Amino acid sequence: MSSSRPAVAISDHALEQLKYIRATMERTGSFTAVPGWGGVAMGVSALAAAVVAAQQTDMRMWGMVWMCEVVLALVIGSAFILRKTRQGDRSVFAAPGRQFFLSFSPPVAAGGLLSWVLYQQGAWAVLPGTWLLLYGAGVVTAGAFSVRVVPIMGLCFMLLGGAALACPSSWGNWFLAGGFGVIHIVFGLIIARRYGG
Amino acid sequence: MAKSTAAKLTTLTASAGVAAMKEAQALDRLIHEKVRLGIVSALAASGPLTFNELKALLQTTDGNVSVHARRLEEAGYITCSKSFENRFPRTEYELTADGRAALEKYLDHLEAIVGAMRPK
């Protein structure tokens, strides 16, 4: 019996080491180049844009407000991605950054082109749903190379986009606030807290 | 009857204990240390990682990463490459084939220890 007691302690220690190895490996795979705080900042700017856009009576001006927000969000997102990759001594053009860009760009470019056509035709009612759907598709495809929370965020955008297309067009602005504002803030905070900023 | 079962159980437990202790003695002491085990596990899971990434992952100090990484490098378990990016020094570590084999062997030993003490 005397030899079994230290052996039990050794076995417990071995189990602890196995758990530590697994936790370290999981944490390593959890690093993402997607910036959480960048998402929060983009969310805040989208909420502000939604408030400004809601006050516009001319739909062209409403569209312009959201176009300005797209440019602002791109600047914010890029700045935070650069900041996060530099913190890890990584180049933004390294494999993860390249994969993200190559997967995210096609749906977003398709969204841009489609938006231009819809804008020209004055089909304002379907713009919020289209933006949310295609942005969500970009996040889902880019998220395939990232932590699980990223594609989940993309799916939320797509669901909201689908709902926006099914609901009255007067709700469109608030769907955009919910998607680009609230979803970005909520998931941004999750990514920032769990996956290093 | 009950007495002989208890005696058998004691003998079995004792022999399992001996087996577990034998496995424990065979453990690779170099990667048994927590920070070194963390470095090897992280590199095995992700491929090359920079000094700062390892430090953030293992939530430890510059000195700890540097000292333990050097010991692993001396043993041939990892390689270290230094370069400059935008004028800033950049240190990157990568697991070698020997390092991966050592981690796999270490995992086998841990599993054998846990397996030996598991009630059959």
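Of everything in segment B:93-115, what is surrounded by 19 or more Cβ atoms within 10 Å (Cβ to Cβ) and not in a helix (DSSP H, G or I)? Give them in sequence order.
B:93, B:95 - these are the residues of segment B:93-115 that are surrounded by 19 or more Cβ atoms within 10 Å (Cβ to Cβ) and not in a helix (DSSP H, G or I).
For residue B:51, indicate whether it is in contact with a strand residue (DSSP E or B) (Cβ under 8 Å, 6 or more places away or on another chain), within 8 Å of chain A (Cβ to nearest Cβ) and either of a type in the set (Asp, Glu) or open to solvent by 20 Å² or more (accessible area, probe 1.4 Å) (or both). Show your work before the answer.
On the way: in contact with a strand residue (DSSP E or B) (Cβ under 8 Å, 6 or more places away or on another chain): yes; within 8 Å of chain A (Cβ to nearest Cβ): yes; either of a type in the set (Asp, Glu) or open to solvent by 20 Å² or more (accessible area, probe 1.4 Å) (or both): yes.
So residue B:51 passes the test.
Quick check: anything in segment B:77-95 at pLDDT below 90, in contact with a strand residue (DSSP E or B) (Cβ under 6 Å, 6 or more places away or on another chain) and within 11 Å of chain A (Cβ to nearest Cβ)? Walk me through it before giving the result.
Step one: of segment B:77-95, the residues at pLDDT below 90 are B:83-90.
Retained after the next criterion (residues that are in contact with a strand residue (DSSP E or B) (Cβ under 6 Å, 6 or more places away or on another chain)): B:83, B:90.
Checking which are within 11 Å of chain A (Cβ to nearest Cβ) leaves us with B:83, B:90.
Yes, there is a match, as at least one residue in segment B:77-95 is at pLDDT below 90, in contact with a strand residue (DSSP E or B) (Cβ under 6 Å, 6 or more places away or on another chain) and within 11 Å of chain A (Cβ to nearest Cβ).
State all residues of segment B:61-76 that are open to solvent by less than 40 Å² (accessible area, probe 1.4 Å) and within 14 Å of chain A (Cβ to nearest Cβ); if no residue qualifies, say none.
Within segment B:61-76, B:65, B:68 meet the criteria.
Just give me the residues in segment B:38-73 being of a type in the set (Asp, Glu) and modelled with pLDDT of 95 or more, in sequence order.
B:73 - this is the single residue of segment B:38-73 that is of a type in the set (Asp, Glu) and modelled with pLDDT of 95 or more.
For segment A:157-183, give me each residue that is under 13 Å from residue A:135 (Cα atoms) and out of contact with any Ser or Thr (no Cβ under 9 Å at 6 or more places or on another chain).
A:157, A:158, A:159, A:160, A:162, A:176, A:179, A:183
Given the residues B:56, B:42, which is the only one that is touching a Ser or Thr at 6+ places or on another chain (Cβ under 6 Å), within 11 Å of chain A (Cβ to nearest Cβ) and without any contact (Cβ under 8 Å) to a residue 40 or more places away in the chain? Working first, answer last.
Numbers: B:56 fails: touching a Ser or Thr at 6+ places or on another chain (Cβ under 6 Å).
Just a single option satisfies the conditions, and that option is B:42.
Given the structure, is residue A:150 at pLDDT below 95 and more than 19 Å from residue A:72 (Cβ to Cβ)? Before the answer, list the steps.
Working: at pLDDT below 95: yes; more than 19 Å from residue A:72 (Cβ to Cβ): yes.
Taking the combined requirement at face value, the residue satisfies it.
Can you tell me which of (1) part of a strand (DSSP E or B); (2) closer than 17 Å to residue B:39 by Cα; (3) touching an Asp or Glu at 6+ places or on another chain (Cβ under 8 Å) is the one residue B:83 doesn't meet?
(2)
The values are calculated or read from the model by the stated rules, or taken from the named source; none is laboratory data. Fair warning: this is a prediction, and the values are worked out from it, not measured in the lab. Cβ: placed from backbone, ideal geometry, glycine included. Neighbour counts: every protein chain shown. For the accessible areas, the whole protein counts, side chains as well, though only heavy atoms, and no ligand, DNA or RNA atoms are used. Shrake-Rupley method; radii C 1.70, N 1.55, O 1.52, S 1.80 Å.
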